[in-house]
Amino acid sequence: MPTDETLTSLVQGAFLNDQRLSAQPLKLSVAENIVTLEGSVQTYRRKLAAQEIAASFDGVRGVINNLTVEPPDQMSDDEIAASVRAALDSNADVAKEVITVCVNGRVASLAGAVGNQWEAIVAEDVARGVRGVRDVQNLLLVDPAEQLEDQAMCRKIEEALRDTRGLKQARISATVSNNLVVLSGKVEQLWQKESAESAVERLGLFRIRNAILVTGSING
């Protein structure tokens with residue numbers, strides 16, 4: 001059984017030789033062959049990488065991972081949410097229209113109904129890989145029937161948006177979960193964002209989170 005000192009040296013050396021971790025302010029200690037990690041990393045994937053490396057050495061009995069995720073940039077929560085939605089949109093294994101994304105303090109919350117547990121796992125993994133995400137709350141439920149209902153309602157909402165004056169060419173998408181509609185995408189003017197919300201309100205029975213980003217003038 002290697003000593004605590006030996007394991008400390010081995011793990012430190014592995015961190016220094018790993019491009020993901022060599023520049024990160026990490027501290028580690030080993031007591032009774034249990035590795036404790038302290039400090040901060042820029043992404044959740046680097047936090048997992050540090051744990052996997054530490055646990056890979058023979059003689060390590062466990063890893064206590066106290067690393068915090070501190071993204072380097074200053075993206076807003078709405079910008080991070082937009083990035084998470086874009087990442088979900090590009091993944092063929094995820095039914096993006098039934099997963100709502102909300103971000104608060106760089107913590108992304110995923111809600112909605114998915115068809116199987118694998119889809120829930122993939123969605124969380126996708127979200128964790130997005131720049132700026134500090135952590136993920138996976139509130140997804142496995143309910144194929146509810147997923148189909150939400151998909152149908154999402155199509156109805158997006159059809160209403162396309163029929164609304166000034167929005168036919170706008171890049172707006174909707175996600176639906178438990179009567180919560182999250183509107184996302186980009187428009188040039190504030191009145192377009194407001195028109196999108198009004199179009200959904202006319203359908204009734206919804207709580208609305210309007211996360212559409214305005215990229216141009218706020219004047220009509």
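Any read-out appearing in this document is the output of simple, stated calculations on the displayed coordinates, not a laboratory observation. It should be emphasised that the depicted structure is a prediction, and the values quoted were computed from it without experimental measurement. Backbone-built Cβ (ideal geometry, glycine too); neighbour counts: all protein chains shown.
Some notes on this structure:
- The residues neighbouring residue 68, those whose beta-carbon lies less than 15 Å from its own, together hold a net charge of +4 under the Lys/Arg +1, Asp/Glu -1 convention.
- Distance between modelled label sites at residue 51 and residue 92, nm, 7 Å Cα→Cβ extension: 3.0 nm
- Share, in percent, of DSSP beta bridges within region 4-69 that are antiparallel, nearest 5: 50 percent
- For the chain, the mean residue ellipticity at 222 nm estimated from helices alone is -12000 deg cm²/dmol, where every DSSP H run of n ≥ 4 contributes -39500 (n - 2.57) and the total is divided by all residues, rounded to the nearest 500.
- The convex hull of the Cα atoms of region 98-174, projected and averaged over all directions, covers 5.8 nm².
- 10 Å Cβ shell holding at most 11 others, DSSP loop, trypsin sites (Lys or Arg not before Pro): longest site-free stretch of the chain: 1-164
- The lysine pair tally for the chain, using Cα distances under 17 Å and a gap of 8 or more places or different chains, is 5.
- Share of pairwise Cα separations in region 4-69, more than 20 Å, in percent: 15 percent
- P(r) for the chain, from all Cα pairs and a bin width of 5 Å, is 1, 7, 13, 14, 14, 12, 10, 8, 6, 5, 4, 3, 1, 0, 0 %, short bins first.
- Taking label points 7 Å from Cα along the Cα-to-Cβ direction, residue 215 and residue 194 give a separation of 2.2 nm.
- Prolate/oblate/rounded label for region 1-117 (Cα gyration tensor, a/c 1.5): prolate
- DSSP beta bridge pairing in the chain, given as percent antiparallel to the nearest 5: 50 percent
- For residue 180, neighbours were defined as the other residues whose beta-carbon sits under 12 Å from its Cβ, and their charges (Lys and Arg +1, Asp and Glu -1) total +1.
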